[in-house]
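The values are calculated or read from the model by the stated rules, or taken from the named source; none is laboratory data. Please read these numbers as outputs of a predicted model, since none were measured by experiment. Virtual Cβ from ideal backbone geometry, glycine too; neighbours counted across all protein chains shown. To get the accessible areas, we keep the full protein, side chains included, count just its heavy atoms, and leave off ligands, DNA and RNA. Shrake-Rupley method; radii C 1.70, N 1.55, O 1.52, S 1.80 Å.
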Amino acid sequence: MSISSPSTEQGQIYQNFIGGEWRNSHSGETFASTNPAHTSEVIGHYQRSTAADIEDAVEAAVKAQPGWAATPAPERGEIMLRTALLLEQQKEELAALMTREMGKILRETRGDVQTAIDVAKYIAGEGRRAEGETVPSALPNKFCMTIRQPVGIVGIITPWNFPMAIPAWKTFPALLAGNAAILKPASDTPLLSLKLAEALHKAGLPSGVLNVVTGPGGSLGDVLVSHKKVNMISLTGSTEVGRRVAEICGRDLRRCALELGGKNAVIVLEDADLDLAVESVTLGAFGTTGQRCTATSRVIVQKSVQQAFTDRLVAAAEKLRVGDGLDSQTDMGPLVNTGRVKAVHEYTAIGKLEGAKLVLGGSPLTEDGYREGAFYKPTIFTDVGPYMRIATEEIFGPFLSIVPVATYEEAIKVANSTEYGLSTAIFTESTRLTFRAMRDIESGLVYFNAPTTGAEIHMPFGGMKASGNGHRELGADAVEEFSETKSIFISYPVRK
Ligand code: NAD
């Protein structure tokens, strides 16, 4: 059985993966995904699924889940390990497909696939680790322990910016915990989720344990999120969509884990190593074209070093080569689609209206070589007020706001002043301020003298405030998120 139908003149047609089979949608309709570096290039046609397809996927998952949960956890882990080895063999091919599908440069798409491989290996080991704990009882002749059990059926909804890493870092722990899942990838990037399912299936995952259904987020997502047989939703996406999903889950008291937006800040204090700060901000703000949930979107800089820092940063950002991510000379690829170019450009207009000073970029790239793509210039505003829209709203593009402050205290206040709390970095040589910042910064990830991007898969990942709802992914807690904990009390009193 093959992941796609034979290619037609318009490109390949990919099917949903339901109950271990590649299937067309009940709608009989497809939608196209195009290369954002060359928008006339169609990457593939995907099923425009409907509620009936979600119904089929849920039924397949419900049927498969008890048998999967009864499979010993180490055996479940072995399948993850074999998946990692299969993905390793295809790494270059998958990375190139991903670059064509959503635009980020090859170095980054290789990293994305590598993350999936690393998570699979890490989670494989979890299959052999202790699943619960024993705890001394407060009473005589009594034994206490916890066991972990699957939640049941999990709906997984993912964004387009990490097309394989995020589906993988949700799917592997969900399955290792004994759940069956329905994965709905973002419409800009369905292909890598289908490839993930293909690899898991080849590695021996039983039919129906993972199902992938492609289609529009609004209608399809709502059906999945409100389905009575789905016990948990795990979503990574915007805060707006997260709020909607949380409301629906809240009505049914359904478990829901959300990883949402950010407005991540780098604080540059006057004692900072400015070259290191410039290098890190360039990477954090313009890497993945600013489309990481942890991308640097604000720099909060002490006024005494504002000019020196800004001059060096503009000089570094000016050198970035923008282009097709498949070209090894490219530093920054296109945005994910032309709609996003428009959205980012609107923020340039807003920044000007708000009275901030544009010091770099501020327009789409439209000359020869760029005309057919979703390219935007690396953009920097300085003298940004801390409460301006460009300093508080997630823009999700190559767009940076520099906010000057007088003191450490003011820097922390500004850093904590948005609704988000995902990732913050601070550049200082002071041990005293390092420890104070560790305590003071309101975000789930805090970096010292390093970019806001750069999570490691064996560390917990997630945000505070409107960047999530308190869960952490990856790290040792990854499987916990997809498990029910049961407390067991066993009494063995001596018969009188
Ligand atoms: P998005 O919220 O538009 O979409 C995310 C997913 O939700 C997609 O699969 C989409 O189809 C689906 N969706 C849309 N409407 C839905 C609905 N009503 N019900 C259920 N599902 C629905 O986000 P995006 O544009 O794909 O990704 C960018 C956003 O994701 C940014 O805000 C970014 O910060 C965030 N993000 C967060 C993290 C994190 O770990 N915190 C990681 C990556 C991206």
Open item on the list: If I fit a long axis through the Cα atoms of helix 274-286 and take the longest principal axis of the Cα atoms of the chain, what angle between them do I get, 0 to 90°, rounded to 10?
Closed with: 60
- [ ] Treat each spin label as a single point 7 Å out from the Cα along the C-beta direction, and report the S238 to E41 distance in nm.
- [x] 2.7
Task: In the stretch 337-417, the chymotrypsin sites (Phe, Trp or Tyr not before Pro) that fall in loop regions by DSSP, at most 14 other Cβ within 10 Å - done: Y387
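Could you work out the relative contact order of the chain? I mean the mean sequence separation of Cα pairs under 8 Å and 6+ apart, divided by the number of residues, in percent.
Details: 1168 pairs, mean separation 86.2, N = 496.
Relative contact order, the chain: 17 percent.
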TODO: Tabulate in residue order the Karplus-calculated ³J(HN,Hα) for the stretch 383-388, using 6.51 cos²θ - 1.76 cosθ + 1.60 with θ = phi - 60°, rounded to whole Hz; enter x for Gly and Pro.
DONE: 6, 8, x, x, 10, 5
Task: Cα long-axis angle, helix 431-440 against the chain (0 to 90 degrees, to the nearest 10) - done: 60
Task: Cα centre as origin, Lys/Arg/Asp/Glu Cβ charges: the stretch 374-440 dipole, Debye - done: 120
TODO: Show the residues, 5+ positions off or on another chain, whose built amide H is closer than 5 Å to the amide H of I43.
DONE: S33, T34, N35
Open item on the list: Run the lone-cysteine check on the chain: no other Cys C-beta under 4.7 Å from the residue's C-beta.
Closed with: C144, C293
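What is the percent of Cα-Cα separations in the stretch 309-443 that go past 26 Å?
More than 26 Å apart: 32 percent of the Cα pairs in the stretch 309-443.
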- [ ] Calculate how steeply helix 165-176 sits against the longest principal axis of the alpha-carbon atoms of the chain, using the helix alpha-carbon long axis, and give the answer as 0 to 90 degrees to the nearest 10.
- [x] 20
TODO: Could you pull out which residues in the stretch 354-370 have an amide N less than 17 Å from a spot 7 Å beyond the Cα of E318, following the Cα-Cβ vector?
DONE: 358-363
Task: Neighbour-limited loop hits for GluC sites (Glu not before Pro), the stretch 124-204 (at most 14 other Cβ within 10 Å; DSSP other than H, G, I, E, B) - done: E133
Task: Candidate lysines for bridging to K377, where Cα separation is under 20 Å - those fewer than 8 sequence places away on the same chain excluded - done: K104, K263, K319, K342, K352, K357
Open item on the list: Could you tell me which residue out of I157, I267, A60 lies farthest along the dipole of the chain toward its positive end? Charges go on the beta carbon: Lys and Arg +1, Asp and Glu -1, centred on the Cα centre.
Closed with: A60
- [ ] Please report, as a whole percent, how much of the solvent-accessible surface of the chain comes from carbon and sulfur atoms (probe radius 1.4 Å).
- [x] 53
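With a cut-off of 8 Å between alpha carbons and a minimum separation of six or more residues, what is the relative contact order of the stretch 225-302 in percent? Could the numbers behind the result be given before it?
Values: 93 pairs, mean separation 22.9, N = 78.
Taking the mean separation of contacting Cα pairs over the length of the stretch 225-302, I get 29 percent.
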Open item on the list: Can you tell me, using C-alpha contacts under 8 Å and at least 6 residues apart, the relative contact order of the stretch 127-192 as a whole percent?
Closed with: 31
Task: Within straight-line cross-link reach of K228, lysines at Cα separation under 27 Å, skipping those fewer than 8 residues along the same chain - done: K63, K170, K184, K486
Open item on the list: For the chain, give me the percentage of DSSP beta bridges that are antiparallel, rounded to the nearest 5 percent.
Closed with: 45
Open item on the list: Could you give each residue of the stretch 398-411 its phi-based ³J(HN,Hα) in whole Hz, using Karplus coefficients 6.51, -1.76, 1.60 with θ = phi - 60°, and x for Gly or Pro?
Closed with: x, 9, 10, 10, 9, 10, x, 9, 8, 9, 4, 4, 5, 4
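Stretched out fully, how many nm does the piece from E55 to A96 gain, at 0.36 nm a residue minus the Cα gap?
Working: separation 41, 0.36 × 41 = 14.76 nm, distance 3.32 nm.
Here the answer is 11.4 nm.
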TODO: Would you calculate a helix-derived [θ] at 222 nm for the chain, using -39,500 (n - 2.57) for each DSSP H run of n ≥ 4 and dividing by the full residue count, to the nearest 500?
DONE: -12000 deg cm²/dmol
Open item on the list: Take V62 and K357, extend 7 Å from each Cα along the Cα→Cβ direction, and tell me the distance between the two endpoints in nm.
Closed with: 6.4
Task: Stokes-Einstein translational diffusion, the chain - Kirkwood Rh over all Cα pairs, 0.692 mPa s, 37 °C, in µm²/s - done: 139
Task: Rounded to 5, the percent of DSSP beta bridges in the stretch 323-469 classed as antiparallel - done: 45
Task: For the stretch 261-326 versus the stretch 458-496, the gap between their alpha-carbon centres in whole angstrom - done: 37
Open item on the list: Projecting each Cα onto the charge dipole of the chain (Lys/Arg +1, Asp/Glu -1 at the beta carbon, about the Cα centre), which of P493, V225, T338 comes out farthest on the positive side?
Closed with: P493
- [ ] May I ask you to derive the FRET efficiency for M438 and A406 from their Cβ-Cβ distance with R0 = 30 Å, giving the value to the nearest 0.05?
- [x] 0.85
Open item on the list: Taking the Cα of D311, stepping 7 Å toward and past its beta carbon, and measuring to each backbone N in the stretch 372-410: which are under 11 Å?
Closed with: none
Open item on the list: Need the C-alpha centroid separation for the stretch 195-247 versus the stretch 144-164, integer Å.
Closed with: 10
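Compute the accessible area per residue over the chain, keeping the other protein chains in place, probe 1.4 Å, unit Å².
Details: 19970 Å² over 496 residues.
The answer is 40 Å² per residue.
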Task: Distance between modelled label sites at T431 and K413, nm, 7 Å Cα→Cβ extension - done: 2.9
